[in-house]
Structure formats: C-alpha cells, structure tokens
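Enquirer: Could you have a look at this structure, given as structure tokens, before my questions?
The values are calculated or read from the model by the stated rules, or taken from the named source; none is laboratory data. This structure is a prediction, so every number in the text was calculated from the model and none was measured. When we count neighbours, we look across all protein chains shown, and the Cβ atoms used for this are built from the backbone with ideal geometry, even at glycine.
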C-alpha cells in the first residue's frame, strides 16, 4: 500500500509550474501531480473555491501557528495517517496526538439538526448490503437539476436508497417542493427520503451496502468504522483530500467527478453495490474497520494517546 | 490524580458548526469521563447547549465570540469569515477567561480550542494557561496547510512574469 508515499519532502516542494495561479481553471494542470507529494494532484490541494490565494495562505499561517499550545489533538487514527502524522509533528515541533475516531470512544449526541429515526424501520425491510445511503453533509447545496438527475440515476440503478435531503440544501427550495410530483413518486418507490438521519446507526445497519458522501472527515471516519465503502463526491478543500485517500490510498471508494447525470449515478451505484470491484472495496473497508476498533481498545494507539493527554493535563 | 484535583476544568472552544461541534463534544465527554469538568464557550448561533445532552457541562455564552450569523459567512466567504471571527472574538474571550478565573478560582487545567479558533491563543498567553489545539479534520489536511503557509501568491506572480 502506498501509504507512506503521500507526504514526503514537504519542505522541498516548489511550484515550478507557472500556471499554478490560474491553473485551477485549466483541466490539464488540475490533473498534474504536485512535486514530491504523490499521489496528490494540484486540484487536491485544499484551495479551491475559497477566494484569493494570498488570503488563504495567510489564514493557513494563522491556523498552523501553534502560539503557546503544548500539543495538537487530531480526531484521526495512526494506522490511517501514520506518515502525515509524523510529518506534522516534525513541522510543528510539538506532540501530535491521534485519538480518533472519537465517536467510538464516546457517544455524545450533539446533532444540531433533528434526526429522523423512521428510516431505520425502512432499512429493517431491505436486503443485506443492498441500500446505498446518500448524504452530502450539513453544508452542501445542490441545484434542482442535479437533484433530478440523482433521483433518476438512483431509480434506474434498481437498488434501494436512503437519501438525506436537508431543508435548504436544494437551491431556491425550502425542502423538496421544487421537485415534480412524478419524481417524488418515483423516488418513494425504491427509496426513502429524510431531512437528517442518525448516520452512525444507518451506516452500521446490515442493509446498508454503500455510502454516497461528500467525504467530510466525520463522515469518512464513520463510514470506515462501519466497514462501508464509499462513492466520493467531494465539493471542496479537505473533502477532496479525503476522497483522494479513500480512492487511492485506502482503496475503499471511488470518485464521481464532473456534472451529475443519471447515467453516471446509475453506473456508480452498480459499481459499488453490485460489481466485484465494490465487493473488494468492502473487504478492504472491513479490514480497516477492525484496525480502527482495535485502536480505541485498551492498549490501542488512540487509547494510549488519550491516556497521555490526560497525564499531560 | 492530585494534580487533577487542583486544576480540573477544561475550557472547550468549538467552531459553531455541526462538523466541528460533534467531535469537540465527543472529546469533552471523553475528558469528562476521565475526571475533568468541562466548560464550553459558545456564541449566539448554533448553540450546543440547546441539545441538552450534556448534564454537568457548563456552557458560557459570549456576546461577541463566534457570534457572526450565517448571512455574514455567505457574504464574506469562508476565509474572510474566519479572519473576522478571530478578530472580533479575541477581546471578549479574554474577558470570559478573566471572569472565570475570578469567579471560580484558578482551576483551569487547559484551554482546548478548534484550530480555526486561533484567537484563543492570546488569552492562553496572557493568563499563562496551558492550551492545546484540536483538529476535527485529517492530519493530511493539516500537512497540506503546512505546505500552503509557505507559499505566497505574490511570488507566483513574479515567477510567472519571469517565465
């Protein structure tokens, strides 16, 4: 596994490619590998969609500035990101503790949105590993047109699906009232829509076979902990990095890029839920799941990190 | 253990957004189980305290801290929004810590703040309190930031002109 190849020789990185500044618009440059950061491409650096680059770099300097802090705690796991963690400790010069995934250590319900538990009843009626669970997190917005393409693609895949559509997440619509009635009818034939789901419980449900996700870090960890492979649809910044790790390093997911259209949606769902390739991803995800669970058990890396932090304080 | 009895309060400063609040509150719960009492500093919006799931936690609302509504986020975009939050919150967070030290004695073991809430660093320094940075994102993302901080847009422009 090329786990250690991602982050090496960071300080020697030089942007010799002179079209970097406006390169984000140029598809060729987007695909270019960043020097010494294999398999990171320019488009994977968490810069897209945030405005002027100089302000972003300045913000990075503020965030990375440790000030008088004596340590950094990260909600990650050493076995997932060992080379990045080593690198970070070297860059910052203070101890870096990986004590994730915190949601297995403690269950602390802090949902700002109300979870609709009725979907668990619906899941109970579905076949094992047949359902694709779709949630694009607590922030992302989609156009009505994209949502319609998603709906048709999901329907055409013939797989049952549980779809989180947050109120306000469809541009210009309170909830789903901008969708035509026939689409709602079609969706409810094979799928189930909720405004917000108890995600950890859903991912742990035996009926769920895959997660269509924006790849936020919490969702990424939650999916791995339940051994659920992913269809990655990152929108910006760090989500793209997570998607890259899921696809190229841990190999438990793949990215769906470009415009959302029904054919692509249908193919992606089949690839993950039906195809052999999806089964391989699930197998790898199950191995990671065990590793992550072991890390928070007595003597595991995250367990030990928490003990060290407590002693530090 | 003796040390913990002297100073057993941990002040948590999350970013008031779901994806940041969730792991911060999990961390708080884990430390609470280890014997620390937890104070959560929050602003006017997206209050965690309203979720009622944290008996025994103290919640402190600060008028200015983290209090920018989402409409400001939309107007400014994420980068300028974070600059703004950090600018407006520094003084009021210092006041909050000053008051806490007066009212509850010098019992703060540590301030744990979300990496985006870097305004907390100034209070930690002024009152000579230990502080720890908490990241709710991947380590790889942080390393990428270490790359980005060494760049300057101006230099790119110069390089491009010279090319």
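Enquirer: Which residues, taken from region A:108-133, are closer than 27 Å to residue B:14 by Cβ and free of Cβ contacts under 8 Å to residues at least 12 places away in the same chain?
Expert: Selection gives A:108, A:109, A:110.
Enquirer: Applying the selection to region A:258-283, what residues are out of contact with any helix residue (DSSP H, G or I) (no Cβ under 9 Å at 6 or more places or on another chain) and either surrounded by fewer than 18 Cβ atoms within 10 Å (Cβ to Cβ) or not in a helix (DSSP H, G or I) (or both)?
Expert: A:274, A:275, A:276, A:279, A:280, A:283, listed by residue number.
Enquirer: Quick one: would you say residue A:296 is more than 30 Å from residue B:112 (Cβ to Cβ) and either in contact (Cβ under 8 Å) with a residue 12 or more places away in the chain or surrounded by 18 or more Cβ atoms within 10 Å (Cβ to Cβ) (or both)?
Expert: No; evaluated as a whole, the condition is false for this residue.
Enquirer: If residue B:131 meets every condition in (1) surrounded by 18 or more Cβ atoms within 10 Å (Cβ to Cβ); (2) modelled with pLDDT under 95; (3) under 18 Å from residue B:15 (Cα atoms) apart from one, which number is that one?
Expert: The single condition residue B:131 does not satisfy is (2).
Enquirer: Which of the residues spanning region B:107-123 are crowded, with 22+ Cβ neighbours inside 10 Å and in a loop (DSSP other than H, G, I, E, B)?
Expert: Passing the criteria: B:115, B:116, B:117, B:118, B:119.
Enquirer: I would also like to ask the following. Could you name every one of the helices (runs of 4 or more DSSP H) located completely within region B:1-106 that has at least 1 residues being within 11 Å of chain A (Cβ to nearest Cβ), modelled with pLDDT under 80 and in contact with a helix residue (DSSP H, G or I) (Cβ under 6 Å, 6 or more places away or on another chain)?
Expert: Fully inside region B:1-106 and qualifying: B:70-104.
Enquirer: What's the number of the only condition in (1) on the phi > 0 side of the Ramachandran plot; (2) part of a helix (DSSP H, G or I) that residue A:121 fails to meet?
Expert: (1)
Enquirer: So, one more: Which residue is farthest from residue A:197 (Cα to Cα), if the candidates are limited to region A:87-118 and must be assigned to a helix (DSSP H, G or I) and more than 9 Å from chain B (Cβ to nearest Cβ)?
Expert: Per the criteria, the residue is A:90.
Enquirer: Just to be sure before I move on: is residue A:125 modelled with pLDDT of 95 or more, surrounded by fewer than 16 Cβ atoms within 10 Å (Cβ to Cβ), away from every other protein chain (no Cβ under 11 Å) and out of contact with any strand residue (DSSP E or B) (no Cβ under 9 Å at 6 or more places or on another chain) in the structure I sent?
Expert: When the stated conditions are applied, residue A:125 passes them.
Enquirer: Would you mention how many residues in region A:246-258 are in contact (Cβ under 8 Å) with a residue 24 or more places away in the chain and out of contact with any strand residue (DSSP E or B) (no Cβ under 7 Å at 6 or more places or on another chain)?
Expert: 4
Enquirer: Residue check: is residue A:48 within 9 Å of chain B (Cβ to nearest Cβ), at negative phi and at pLDDT below 75?
Expert: no
Enquirer: Are there any helices (runs of 4 or more DSSP H) wholly within region A:148-234 with 2 or more residues that are over 25 Å from residue A:282 (Cα atoms) and touching a residue at least 12 places away in the same chain (Cβ under 8 Å), and if so which?
Expert: A:181-190
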